[in-house]
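One structure below.
The values are calculated or read from the model by the stated rules, or taken from the named source; none is laboratory data. Small disclaimer: the values here were computed from a predicted structure and weren't measured. Cβ placement follows ideal geometry from the backbone for every residue including glycine, while neighbour counts extend to all protein chains displayed.
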Amino acid sequence: MSDSAIIRGVPGLLQNRHVIAVIIFLLAFLIFKSSRLHPINDSKYSMMVSQCLLDHHSFRLDHYAVPRLPPLARGDYVQNGDIYQIEQVGPHLYYFFPPGSSVLSTPFVLLANAFGISTVKPDNSFNLAGETKIESLLAAFLMAVLTAIFFYLAQLLLPLRYSLLVTLGGALGTQIWSTASRAMFTDTWAVLLLSLVIFSLLAHEAKKSRLRPVLLASLLAWAYLVYPSYAVHVLAISFYLLFVLNRRQVIAYVVTGFAWAAGLVIYSRHNFGQLLPNYFRPGRLLFGKFWTALPGNLISPSRGLLIFVPAVIFVLYLLLRFRRQLPHPRLVVLAMAAMVSQLIVISGFDHWWGGHSYGPRLMTAFVPWLVLLSILGLSALLETRAGAPAIGRFELVMTQAVGLVLLCAGIFIHARGAISPATSIWNSLPENVDLKPERIWDWRQPQFLAGLIPPPFPPNVPLLEKEINFTTRDADQYLWYGWSIAEPESRWTNATHATMIFSLNEIRPLTLKIRMAPFLAPGKLDEQRVTFKLNEQTLTTVTLKNSELSDYVLSLPANSLRAKNILDFQVLGAATPASLGVGPDQRQLGLRVATVAVE
């Protein structure tokens, strides 16, 4: 075939929806994988369970050198010391979170092993670097598949341009980018399985496919096995199917569901000696903070769905404005019922903000429903535009403009959660959000703007002491922003700017002896240049090439000092170990400081 013939064939090829879907998958995978943050929190050890299934055909982690620590009794399980991801059951150790994700991920872990990547070191201990690499690759792959599913879902009712916009919004303007694609959260597999079910339902309603009850029951059962809170979606969809399936199909659906439920009970009885694993027990729902959690999950600046996914407002507008033209209205009712039910359930958790996470992580299951509703709403908009009375041109332009603005805002917000380390540090500093959840309501520093705006200046600035030990919590009062948590020997800066604050009773020249060391990676990052600024005035710049802790003297002139002072450590060469290929750490390291002493 000649080059000219190939060129002529390219436009036609790009009109093929399967080719477009492949391109979307590849672009999404590239974006998800290259986004720098991959927090391994709840999912830590989940891929080790997959490895254990491959190596020992067991869920027990006793086969590996996981330390057995003094038991810590919690409300719903016995924690293995400070390793909250592992529970103690008699003499055995198990991964506390649901096993579904580990089971489904087993083939991918086997493939990773073939390339020399493992969650277990040669000495049989846990390999965090291997766990991180497997989780980040798998999560990016699965969410890229989900992005392609969103495109196919939109194509059932919408033309190409609108399908691409819906796909873009569903993948990058929601928790899919900032949460589900970062690591193997419980939502990562579950939201993919739920989306496959939703695609089947819309394809059936659009008369482009028939329902397969055994497949639907299996997908929903595994969504539950991956994340039990998806039970609300299972129940809502099951109720819907009672009115859609014929009697024979209902029987097949119910029998399949009971078969998977029996498998869960057998698993639980064999491993834990009880009907359900601890994570699956409904006693975790207490509803003690419901009336705080409900508005918090919707409108709080650091966890609110309407704040982090502003396109929800646009979708609701479409549903109300064009309600008479909405296709498949019973799917609208189903989607709304499922989302409202889950909102009630997650508001029943006392720990409703989801711990150290980004935005409305616990509402990730909303995303495929929102994609479905946006498709139905846009379809109604297009039908209204083509019919009589048609929508006015001004209203149409304004509707499209507002929708695009909200879409772009959502993409910006979730890009921050996927890329900026400051949004992750926000959970710990200046105060731990689990210990002070009222921070979630503070509009002076919403999580998605962490790193772009400084936190509120503390009302009380501590007096400068003779020596500040950065390895203790007492140092926290002096650290305004840009610092990581204390470590045994020092504390790292975690941004290009890190500041400490102090007050003085007397203004006079001071000399500080700072014991510090730079983050270096031989051959990749051989030095760090640090500029010190006092109250916005540059004092000096030093070049650090020795990674061992050393003493450096810094003079503070009297004419630069105030009653309340800000000392800025500016490290523009700060970098993440992960980006340099020298470790899994996602923090933006520049300096580590052990002490600051007044001479």
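Annotations for the structure displayed:
- Those helices (runs of 4 or more DSSP H) of the stretch 301-420 in which 2 or more residues are without any contact (Cβ under 8 Å) to a residue 24 or more places away in the chain occupy 311-321, 329-346, 366-386, 393-419.
Results for (1) surrounded by fewer than 21 Cβ atoms within 10 Å (Cβ to Cβ); (2) modelled with pLDDT under 95; (3) assigned by TED's automatic domain parsing to the domain that holds Leu235, shown as yes or no for each residue.
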{"site": "Leu305", "(1), (2), (3)": "no, no, yes"}
{"site": "Phe308", "(1), (2), (3)": "no, no, yes"}
{"site": "Val312", "(1), (2), (3)": "no, no, yes"}
{"site": "Tyr317", "(1), (2), (3)": "yes, no, yes"}
{"site": "Arg323", "(1), (2), (3)": "yes, yes, yes"}
{"site": "Val332", "(1), (2), (3)": "yes, no, yes"}
{"site": "Ala337", "(1), (2), (3)": "yes, no, yes"}
{"site": "Val340", "(1), (2), (3)": "yes, no, yes"}
{"site": "Phe349", "(1), (2), (3)": "yes, yes, yes"}
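- Sole residue being under 18 Å from the mean Cα position of the chain (by Cα) and assigned by TED's automatic domain parsing to the domain that holds Ala221, chosen from Thr174, Thr167: Thr174
- Of the strands (runs of 3 or more DSSP E) contained entirely in the stretch 433-491, those carrying at least 2 residues that are more than 24 Å from Thr511 (Cβ to Cβ) fall at 483-486.
- Qualifying positions in the stretch 543-579 - closer than 17 Å to Thr595 by Cβ, among the aliphatic types (A, V, I, L, M) and not in a loop (DSSP other than H, G, I, E, B): Leu544, Val553, Leu554, Leu556, Leu567
- Residue-level analysis places Ala183 among those that are in the same structural domain as Leu343 (by TED's automatic domain parsing), out of contact with any strand residue (DSSP E or B) (no Cβ under 6 Å at 6 or more places or on another chain), on the phi < 0 side of the Ramachandran plot and not in a helix (DSSP H, G or I).
- Checked against the criteria, Leu235 does not count as more than 26 Å from the chain's Cα centre (by Cα), in the same structural domain as Val405 (by TED's automatic domain parsing), of a type in the set (A, V, I, L, M, F, W, C) and part of a helix (DSSP H, G or I).
- Whichever residue in the stretch 198-232 is hydrophobic (A, V, I, L, M, F, W, C) and in a loop (DSSP other than H, G, I, E, B) and, among such residues, is nearest to Val254 (Cα to Cα): Leu211
- All conditions in (1) crowded, with 22+ Cβ neighbours inside 10 Å; (2) more than 24 Å from Asp585 (Cα to Cα); (3) within 22 Å of the chain's Cα centre (by Cα) hold for Val145, with the sole exception of (1).
- For the stretch 173-184, the criterion of being out of contact with any His (no Cβ under 7 Å at 6 or more places or on another chain) and surrounded by fewer than 21 Cβ atoms within 10 Å (Cβ to Cβ) is satisfied by no residue at all.
- Looking at Arg60, Arg74, Arg17, Arg8, just one residue is at pLDDT 95 or above, of a type outside the set (Val, Ile, Thr) and more than 24 Å from the chain's Cα centre (by Cα), and that residue is Arg60.
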